[in-house]
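Visitor: Take this structure, written in structure tokens, and hold onto it; I'll ask about it next.
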Amino acid sequence: STKGAANDCPAATPVASAWPGIGTDVSTVDDAAAFTENLSGLAFQAASGGSPAVIWGVVNGPGTLVRLLWNGTIWASDASNGWSAGKALHYADGSGNPDSEGITLGGTAGAGAGGLYVSTERNNDASTVSRLSVLRYDTSGTSTSLTATNDWDLTADIPPTGANLGLEGVAYVPDSYLVSKGFYDEKAGHAYVPGEYANHGDGLFLVGVEGSGMIYAYALDHATNGYARIATIASGYGSLGVMDLFFDSGLKYLWATCDDGCGGKTSTLEIDTSPTSPTVGRFVITHVYNRPSAMPNINNEGFTIAPESECVAGTKYAYWSDDGDTDGHSLRRASMTCGRLP
């Protein structure tokens, strides 16, 4: 894998702190028979308009999208509309078996039809070939398989990496946040102007590469499947790899996670708004946290946090997915304190 650059772990990176919650409050929240392995990225969709909260997840082999609902005890597969065993994922031409690693809910480009975006690192049917793609899926139907509505193949734009060290995470970040913080567009050489990128919806998609630990921000053209790279961001994990990305749209944190290779750390990145800073307009690391004390050091590849609307008595839950299905469980949660981080 590609070694991290000298500035990939900058001197200003904060020292890791204890998990911001009750570290001993860790529990498994899936059925022991739900998964055997390979549950990867997660995305939490808040309850809305009478619809319950959903945890979306992707299985990396075979590429599968799952829709989990809380049944009062665990998060279990939705039994309706063809979701009971998850839905097989395919590329836009209906072929293939995408190695699906990360998942995010989009903005207007993904709303209405229930679109979700999945980051992939290869076609499992051609497993020795790297294929770094973001795929969009319409989840509104009842079919038990899904064909991508869009396929943004980013392979040619990202430094080469191993076929199994590709796009582990993806996060949608709204234009409104980026513009309000003066996000710097490295392609254009000035503050990001959304109107310069046609058909990209109302936000950018950030992808995390396992092999290098780098994060890349893209405007994705939904009409042509073209793309423009807007920024390159160091996750701080270097060659240990970034395993998932999650943007907290309420509290405005970009979370980046690592797996057992770095002890299960999570970190937050925010856009630097200090006008005299050399990194003004760029994402910088603001917090680093150790895993909750009761969380085993396992191959957690997915991470998401419930929104503030889920807070009860000042706490809510964060969720991790374990690719290795340790002790027969793939989904764990831990409580964390609501509100902005100290």
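Visitor: Within the range 157-176, track down each residue that is within 22 Å of residue 97 (Cβ to Cβ) and modelled with pLDDT of 95 or more.
Guide: Listed by number, the residues that qualify are 158, 167, 168, 169, 170.
Visitor: Which pairs turn up if I take residues in the range 188-216 that are closer than 15 Å to residue 247 by Cβ and look for partners that are open to solvent by 40 Å² or more (accessible area, probe 1.4 Å) and part of a strand (DSSP E or B) with beta carbon separation below 6 Å, at least 6 apart in sequence or on another chain?
Guide: Filtered contacts from the range 188-216: 216/229; 216/232.
Visitor: On the given criteria, is residue 233 assigned to a strand (DSSP E or B), surrounded by 24 or more Cβ atoms within 10 Å (Cβ to Cβ) and aliphatic (A, V, I, L, M)?
Guide: Judged against the criteria, residue 233 is not a match.
Visitor: Another question, if that's okay. Looking only at the range 182-189, decide whether some residue is at pLDDT 95 or above, hydroxyl-bearing (Ser, Thr, Tyr), surrounded by 14 or more Cβ atoms within 10 Å (Cβ to Cβ) and in contact with a Gly (Cβ under 6 Å, 6 or more places away or on another chain).
Guide: Our first condition is that a residue be at pLDDT 95 or above; within the range 182-189, this holds for 182-189.
Next cut, hydroxyl-bearing (Ser, Thr, Tyr) only: 184.
Filter once more, keeping what is surrounded by 14 or more Cβ atoms within 10 Å (Cβ to Cβ): 184.
Remaining after also requiring in contact with a Gly (Cβ under 6 Å, 6 or more places away or on another chain): 184.
Yes, the conditions are met somewhere in the range 182-189.
Visitor: Six or more apart or on different chains, Cβ under 9 Å: which pairs go from a residue in the range 305-324 that's within 23 Å of residue 34 (Cβ to Cβ) and without any contact (Cβ under 8 Å) to a residue 40 or more places away in the chain to one that's in a helix (DSSP H, G or I) and of a type in the set (S, T, N, Q)? Could you list them?
Guide: Sorted first by the residue in the range 305-324, then by its partner, the pairs are 316/309.
The values are calculated or read from the model by the stated rules, or taken from the named source; none is laboratory data. On a predicted model such as this, the values are computed, not experimentally measured, just so you know. No Cβ is skipped: glycine too gets one built from the backbone with ideal geometry, and neighbour counts run over all protein chains shown. Ligands, DNA and RNA are excluded from the accessible area calculation, which covers all protein heavy atoms including side chains. Shrake-Rupley method; radii C 1.70, N 1.55, O 1.52, S 1.80 Å.
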